[in-house]
Amino acid sequence: MPTAPVSPGNTKIMNRFELTKRLTSRLKNDEAVVAGIGNTNFDLWAAGRRAQNFYMLGSMGLALPIALGVALAQPQRRVIALEGDGSLLMQLGCLTTIAMLKPKNFTMVVFDNGIYQITGGQPTPAATGADIVAMARGAGLAASAWAADEEDFEHLLDQALASSEPYFIGVRIDGKPAEATTHRDPVQIRERFMIGLGVRQAP
Ligand SMILES: Cc1ncc(C[n+]2csc(CCOP(=O)(O)OP(=O)(O)O)c2C)c(N)n1
């Protein structure tokens, strides 16, 4: 169980791309990584292409539900969902579903910058006190923690990837734009991912 800080107030403000690089560098077993709309998947893309990465376009809040589906369909594979705070807040109910189904192979990382950055930086409710980790705990996800700093993030990630319960990691991040932009080709993104998961033959 995580021992990280219980409130977002005493965590370091980190950087999404930096954390995403740290995350992908720790992957060794063809883990699936499903990243949410916008900056989250842009930085995953910039951190290095993998056939097991899925880059969500268009709709907010679907990274966790899509990743949950993958985790249930392929219980032998570790699955990681990356999402922005605004997107998670639009789809909070998925936390209760994940807590109810308790996938053993599922890790969630939510990047909290307190803004809808990609549409102009409007504040999200997380900017004025909504605590996404407390909400995850309240939904029934006991293994939920804020990462205090980069080292703690890696530590929590290692715990999560070895755990047999769903893990929720909240990270506070700065407002730096993403490093690159995903190619906007949904069909290609889906096909590559399905090949990466071994459910479709490469052409
Ligand atoms: C259902 C839905 N509502 C609104 C939008 C417009 N929109 C796209 S991204 C975004 C903000 C996403 O915020 P967040 O998830 O916090 O990520 P950030 O931009 O901060 O990286 C908004 C409002 C959308 N694409 N889909």
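Measuring gaps between exposed loop sites in the chain (trypsin sites (Lys or Arg not before Pro); DSSP loop; at most 10 other Cβ atoms within 10 Å), the longest gap, sites not included, is 29-183. Positive end of the dipole of the chain (Cβ unit charges, origin at the Cα centre): among Gly138, Gln117, Asn29, the Cα lying farthest that way belongs to Asn29. Using the Karplus relation 6.51 cos²θ - 1.76 cosθ + 1.60 with θ = phi - 60°, the per-residue 3J(HN,Hα) values for segment 50-62 come to 9, 5, 8, 9, 10, 10, 6, 10, x, 10, 6, x, 9 Hz, with x marking Gly and Pro.
Counting DSSP beta bridges with both partners in the chain, what percentage is antiparallel, nearest 5?
The antiparallel proportion sits near 10 percent.
The relative contact order of the chain comes to 29 percent, based on Cα pairs under 8 Å that sit 6 or more residues apart. Placing a pseudo-label 7 Å from each Cα along the Cα-to-Cβ vector at Gln188 and Met100 gives an inter-label distance of 3.9 nm.
Given charges of +1 on the Cβ of Lys and Arg and -1 on the Cβ of Asp and Glu, with all other atoms neutral, how large is the dipole of segment 86-173 about its Cα centre, in debye to the nearest 20? Provide the component values of the computation, followed by the final result.
Working: 4 positive and 9 negative charges, 98 e Å.
The dipole of segment 86-173 has a size of about 460 debye.
Annotation: amide H-H contacts under 5 Å for Ser144 (H modelled 1.01 Å from N, sequence separation of 5 or more, or interchain): Phe168.
Where a number appears in this text, it was derived from the coordinates with a stated rule and is not lab data. Since we're looking at a predicted model, the values are computed, not measured. No Cβ is skipped: glycine too gets one built from the backbone with ideal geometry, and neighbour counts run over all protein chains shown.
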